[in-house]
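A short write-up of the structure that comes next.
The values are calculated or read from the model by the stated rules, or taken from the named source; none is laboratory data. Quantities reported herein were computed from a predicted structural model and do not represent experimental measurements. Don't worry about glycine lacking a Cβ; one is built from the backbone with ideal geometry, like all the others, and counts go over all protein chains shown. For the accessible areas, the whole protein counts, side chains as well, though only heavy atoms, and no ligand, DNA or RNA atoms are used. Shrake-Rupley method; radii C 1.70, N 1.55, O 1.52, S 1.80 Å.
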Amino acid sequence: MAILIIVITVLCLVLAVLFMNVKASFLIAGYNTMSAAQRIQYDIVALSKFLGKIMFAISGSLLLLVLGVIFNSNSLLAISTILLIAISLLAVIRTTTGNRFKADADST
């Protein structure tokens with residue numbers, strides 16, 4: 001089980017680096033299905049960097065999960081689970097409230 005979590009953690013780290021370098025914007029749900037006119041309404045650089053930070057945070061939580069499995073520590077397992085849920089909820093709230101990732105009117 002620890003091997004599978006390590007593989008997933010490494011995958012999340014790779015995705016985090018790709019998002020931080022704005023190389024994986026095609027993986028953002030819904031973005032690649034938008035028309036060109038809709039895409040220019042969003043600041044893809046800011047959104048990609050935000051998702052990169054979220055992926056780094058998830059990777060850290062998964063690392064705690066790996067340590068919890070390796071050391072058979074229920075407290076580490078609980079902390080990592082709570083962190084994963086909290087990070088996910090905060091990311092959803094942050095992306096869906098307000099117009100944080102809308103492009104400025106001056107830049108379009």
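Cβ-Cβ contacts under 6 Å between residues 6 or more apart (or on different chains), taken from a first residue in segment 1-12 that is at pLDDT below 95 and part of a helix (DSSP H, G or I) to a second residue that is open to solvent by 80 Å² or more (accessible area, probe 1.4 Å) and of a type outside the set (D, E), are listed as A2/I70. Tally the residues that are open to solvent by less than 70 Å² (accessible area, probe 1.4 Å), outside any loop (DSSP other than H, G, I, E, B) and at pLDDT 90 or above, restricting the search to segment 18-44. Adding up the residues that qualify gives 5. When F101, F50, F71, F56 are checked against the criterion of being of a type in the set (F, W, Y) and over 25 Å from F26 (Cβ atoms), F71 stands alone in meeting it. Residue count for segment 54-105 satisfying the condition of being assigned to a loop (DSSP other than H, G, I, E, B) and surrounded by 13 or more Cβ atoms within 10 Å (Cβ to Cβ): 3.
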